[in-house]
Amino acid sequence: MLDNRLKKIAELVSGDGIAVDVGTDHAYLAAELVKSGKCSKVIASDVKEGPLEAARNTVEKYGVKDSVELVLSDGLDNVELNGVSDIIIAGMGGETIADIMERVARSGRANEETSWIIQPMTKPEILRKKLYEIGFVIWDDIIVEEGDKLYNVMKAEYDPNILFEFTETESLIGHINEEEPVSRKYLDREAERCLRVAESLRKAGKTGEAIHYEAISAKLKNGIGTENVSDIIGFLDSLYPFGIQEKWDNSGYLVECPLEECRRILLALDITNDVVDEAFKKNADLIISHHPVIFEPRKRLMKSDPVYRLITDGIGAICMHTNLDIAKGGTNGVILSKLSEKFGTVGDPEPFEELGGENSLGWIVTLDEEVSAKQLAEVCKSVFGCEYVRVNNSGRKIKRIAFCSGSGGSMLGEALEKGCDALITGDVKHDVWIDANNSGIALLDCGHFHTENIVLWELRRVLEEKFPQLDIEIAAASVDPCEYV
């Protein structure tokens, strides 16, 4: 009666109490659980009357209608869970399964004694990540082969105290036993799929995203590897030399990793307590940030200090501040690339504040066509991903633009001296706005966070290109510390 997929699901059912089969369709699984003697009672639910009618025919055909209760329900909304030991949700999309389980967890109906046997038809990686976010732990993560198809079957339990999150790569690998031939076959297929995605991205000119998927493919094929922390620091120093940082800065290897080797890296603009929490949950060995986590001398170290948290949680920290802003290809280099994609430019970019070699604090570009301040502001919103841009109305058309990431309002005088029509930066003070209006130059404040956070994707690109076996992720907690109301 059952194919390999449903047989594996039936095998995982404990039979210690009532089993619930959500989205039962024809109720073949429910009938088999009763007929085999594994379960004395099964509740079979579906959101539509049609499948329930088909289920009714099945249970009557196999003589188990007294032991199978049919319930019309959207997920588990109308299902009584008292006495239920096993909940089965199979044959649905991963996002749909996650939604059903989240509704149960949020309503307070989930308990730690019930086993959940789940089998997504699509997006198992989204389901895995979501399960841990809503308080479920995956204990079994099995690949089942049926013809030319490979299915994910998982067994999970509710644990509201779980402190774990999957990274993007780990959500694809899950807890699958890579040594089993069918599991290896599945992971190799996923690796090939990621390579196809990477190829399409390269053709579309999205090189950074292509490298990301190539790195994921490498990890699916060969597993997550390790690198010596000193090699990572040496590589970063070769691109963004720590020696070129401003004298007042404190970039470098600020919190030492307990171990010399590293497997997982989290990237963030700032090392906040939320970022440390995320790194801990994702088992990251190292956080690489833009802003230094240690800047001013500390006379005491409190538990609320992220530095305390890094040390107690055994997480290292590398911080690249002004050296990343100054170096070619760093923060301002990313802005240069993004603006050049949006506008046609004339000639080579000029250093805004030249610092020797190929190093510059910001750049100046000349557009091939004039734009208004409002048009430039709209482009900046797209480039930086910010909700708002503060801009004055200079009344002039803009062709020559200076920009500096972070807090560059103090460079307004240099922009004027170099004949610029506009200055793009962040954290502009009131008196600078007054000076800009008096001088007739357009000033655009796109926010300190937004003019710098975009460099994280470039950091991920260069690191994944050099170390494809490392698990490198941009922190979800790397967010603007302000809300706009």
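Taken together, the values in this text are just the output of simple stated rules run on the coordinates, not laboratory data. Bear in mind the structure is a predicted one, so any value in this text is a computation, not a measurement. All Cβ positions, glycine included, derive from the backbone under ideal geometry; neighbour counts span all protein chains shown.
Picking from 479, 403, 422, whose Cα lies most toward the positive end of the charge dipole for the stretch 387-485 (charges on Cβ: Lys, Arg +1; Asp, Glu -1)?
422
For the chain, what is the mean residue ellipticity at 222 nm derived from helices alone (per DSSP H run of n ≥ 4: -39500 (n - 2.57); sum divided by total residues; nearest 500 deg cm²/dmol)?
Helix contribution divided over all residues of the chain: -11500 deg cm²/dmol.
Along the charge dipole of the chain, pointing to its positive end and built from +1/-1 on Cβ of Lys, Arg, Asp and Glu, which listed residue (324, 310, 19) has its Cα farthest out?
Of 324, 310, 19, it is 19.
What's the exposure ranking of 290, 448, 175, going from fewest to most Cβ atoms within 10 Å?
175, 448, 290
What is the magnitude of the charge dipole of the stretch 316-469 about its Cα centre, with +1 placed on the Cβ of each Lys and Arg, -1 on the Cβ of each Asp and Glu, and no other charges, expressed in debye to the nearest 20?
So the dipole magnitude of the stretch 316-469 works out to roughly 320 debye.
May I ask you to work out the translational diffusion coefficient for the chain at 25 °C, viscosity 0.890 mPa s, via Stokes-Einstein with Rh from the Kirkwood sum over Cα pairs, reported in whole µm²/s?
95 µm²/s
Taking the stretch 24-74, which trypsin sites (Lys or Arg not before Pro) meet the DSSP loop condition and have no more than 13 other C-beta atoms within 10 Å?
48
Explain nothing, just the number: relative contact order of the chain, from Cα pairs under 8 Å at least 6 residues apart, as a whole percent.
Result for the chain is 11 percent.
Using alpha-carbon positions, what is the distance between the centroids of the stretch 121-157 and the stretch 326-400, in Å?
What the calculation gives is 46 Å, centre to centre.
Give a residue-ordered list of calculated ³J(HN,Hα) values for the stretch 40-54 (Karplus: 6.51 cos²θ - 1.76 cosθ + 1.60, θ = phi - 60°; whole Hz; x for Gly, Pro).
Result, rounded to whole Hz: 7, 8, 10, 9, 10, 10, 7, 7, 10, 5, x, x, 5, 5, 4.
Just how far, in whole angstrom, is the stretch 445-485 from the stretch 48-66 if you go by their alpha carbon centroids?
Going from one Cα centre to the other spans 53 Å.
With a cut-off of at most 16 other beta carbons within 10 Å, and DSSP calling the residue loop, which GluC sites (Glu not before Pro) in the stretch 121-184 qualify? Please list them.
When the GluC sites (Glu not before Pro) of the stretch 121-184 are filtered for loop state and at most 16 Cβ neighbours within 10 Å, 178, 179 remain.
From the square roots a ≥ b ≥ c of the eigenvalues of the alpha-carbon gyration tensor of the stretch 164-223, which class results: rounded (a/c under 1.5), prolate (a/b over b/c), or oblate?
oblate
Report the antiparallel proportion of the DSSP beta bridges in the chain as a percent, rounded to a multiple of 5.
Percentage antiparallel, nearest 5: 40.
Evaluate the charge dipole of the chain about its Cα centre and quote only its size in Debye, nearest 20, assuming +1 on the Cβ of each Lys and Arg and -1 on the Cβ of each Asp and Glu.
Using only the charged Cβ atoms, the result is roughly 500 debye.
If each residue's Cβ is checked for other Cβ atoms within 10 Å, how do 346, 455 rank with the fewest at the top?
Final ranking by Cβ density, sparse to dense: 346, 455.
Restricting attention to the stretch 193-301, which GluC sites (Glu not before Pro) occupy a DSSP loop and are surrounded by at most 16 other Cβ atoms within 10 Å?
Loop-located and lightly packed - 246, 256, 260.
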